[in-house]
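J.: Please see the structure below; I have some questions.
Quick note: the coordinates plus some simple rules give every number you see, no bench work behind them. Note that the coordinates shown come from a computational prediction; the quantities given were computed from them, not determined experimentally. Glycine also receives a Cβ, built like all others from the backbone with ideal geometry; neighbour counts cover every protein chain displayed.
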Amino acid sequence: MSESEINLFDEQQFKSTDKKFKLRATKVDGDLIKSKDRVQHHGEVFTPKWMVKKMLSELSIQEKLHDLHATFFEPSAGEGAFLKEILHQKLDYVDQISNKSSWKNNALWALMSIYAIELLEDNLVKAKRTMLDVFINHYKAFMQKRTQY
């Protein structure tokens, strides 16, 4: 494989004739960088949502997402793209296996299994808020669904 080829997840190869590759945001993803300064000083570049979903769709990772005690560690959390999706998928599983009395305990195990590090405070605040929103939304949806029966 030459230096201008990148091996993607599905073993297809990406070939680039450009010397510089620029990350471009899509409408779904939002911005992939906040500023050129943050990229230069901290190496901050955000992972697009499609890539997060693609990476987490791997069979071995899906098996771990269905294990409440399997831990996930994000060494560079950013604004929490991976954290949010991991928590969301783990809580989807909790919703499937829980009843009203066991949901809180199972959901806390799912939440406690996710760890992360983030250098930049504004990203940390956003990641924590995002995870809290996911947790609250799952809680409300589950409890509302269960009380309708």
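J.: Residue by residue, what Karplus-based ³J(HN,Hα) values in Hz, rounded to whole numbers, does segment 138-144 have, using 6.51, -1.76 and 1.60 with θ = phi - 60° and x for Gly and Pro?
T.: Karplus values, whole Hz, x for Gly and Pro: 5, 4, 4, 4, 5, 5, 5.
J.: Taking the mean number of other Cβ atoms within 10 Å as a proxy for protection, how do you rank 51-63, 115-127 from highest to lowest? Walk me through the numbers before you get to the answer.
T.: Values: 51-63: 12.2, 115-127: 15.2.
Top of the packing list down: 115-127, 51-63.
J.: Residues with amide H under 5 Å of Ile114's amide H, sequence separation 5 or more or different chain, H placed in the peptide plane at 1.01 Å from N; which?
T.: It is Phe72, by chain and number.
J.: How large is ³J(HN,Hα), in whole Hz, for each residue of segment 91-97 in order, when computed from phi with the Karplus curve 6.51 cos²θ - 1.76 cosθ + 1.60 and θ = phi - 60°, using x for Gly and Pro?
T.: Karplus-based 3J(HN,Hα) across segment 91-97 equals 6, 4, 5, 4, 4, 6, 9 Hz.
J.: Next question, about the same structure. HN-Hα J couplings of segment 53-68 from phi, Karplus 6.51/-1.76/1.60, θ = phi - 60°, integer Hz, Gly and Pro as x?
T.: 5, 5, 5, 7, 7, 4, 4, 5, 6, 4, 4, 6, 5, 9, 10, 4
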